[in-house]
Ligand SMILES: Cc1cc(N2CCCCCC2)n2ncc(-c3ccc(F)cc3)c2n1
């Protein structure tokens, strides 16, 4: 039973519906991060190949990006591929590595039109050349845009990010450009891939899993979490409104009383 209670943590009774106007009565979270989970399960439930779930999940990325922009959310970070995902079957990884270019081929013109700034956090050097070329083109062509920051975590792992930051700080100390006494939380944050972004205000994870999966471990220190059993391909604007409405009801204390 306890598992069931946690499984519905943060999920409102489905009868509770919110409108965009309801949510816009109060400040919306500036930075929303989403762990887009449940794509394989969605396909399995329909006796479809796993990649059908990933394809459907990509359509939801478009829909939620548009809606987040409408709501005035400033940063939307989407966990698209983790450093652990390389362990998946070769064919699935090859399919996933084609999604960024598929997404951008049809959606980049609209993103540019909507003044969206595309960014990517993660280790791009390990991506296939065709994937890297597509994302770097999008980053370049939207780098002056001042609207929604659409930030994809691609080949991203938080422990790898923190480890790399530590190595870079150690090099700076060794070169005499940084003293140990200078290293505080602000300096550590400035060595992370998210250095130009505020920490997420709201984290959403779909598919009922209650864990972080090596995602933004440093940045999520004071973030509100909202979990839902909904599988990512079934995630809708209404689910985003429910998550934001729940966020608006919580009193954030950032460790205070
Ligand atoms: C690897 C991967 C998987 C991927 N899925 C679709 C969404 C569900 C989660 C897994 C599958 N999506 N969706 C969009 C992108 C993407 C990434 C970078 C970029 F610049 C533009 C688009 C993407 N990338």
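Any read-out appearing in this document is the output of simple, stated calculations on the displayed coordinates, not a laboratory observation. Since this is a predicted model, take the numbers as computed values, not measurements. Cβ coordinates were reconstructed from backbone atoms using ideal geometry, including for glycine residues, and neighbour counts include every protein chain displayed.
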Using alpha carbon centroids, what distance separates the stretch 158-222 and the stretch 91-119, in Å? 26
The stretch 132-188: projected area of the alpha-carbon convex hull, averaged over directions, in nm²: 5.9
Rotationally averaged projected area of the chain (alpha carbon convex hull; nm²): 16.4
Which of 111, 24, 241 ends up with the largest GNM mean-square fluctuation for the chain, with Cα atoms connected below 10 Å? 24
What translational diffusion coefficient, to the nearest whole µm²/s, does the stretch 64-105 have by Stokes-Einstein, given a Kirkwood radius computed over alpha-carbon pairs, a temperature of 4 °C and 1.567 mPa s viscosity? 105
Could you list 26, 144, 31 so that the one with the fewest beta carbons within 10 Å of its beta carbon is first and the one with the most is last? 144, 26, 31
Using a Gaussian network model of the chain whose springs link C-alpha atoms within less than 10 Å, name the residue from 19, 236, 77 with the highest mean-square fluctuation. 19
Determine the principal axes of the Cα atoms in the stretch 171-257, then give the extent along each, sorted from largest to smallest and rounded to whole angstroms. 52, 32, 21
Given springs between every Cα pair under 10 Å in a Gaussian network model of the chain, which of 125, 82, 190 has the largest fluctuation? 125
Could you tell me, in Å, what Rg and Dmax come out for the Cα atoms of the stretch 124-165? 12.3, 31
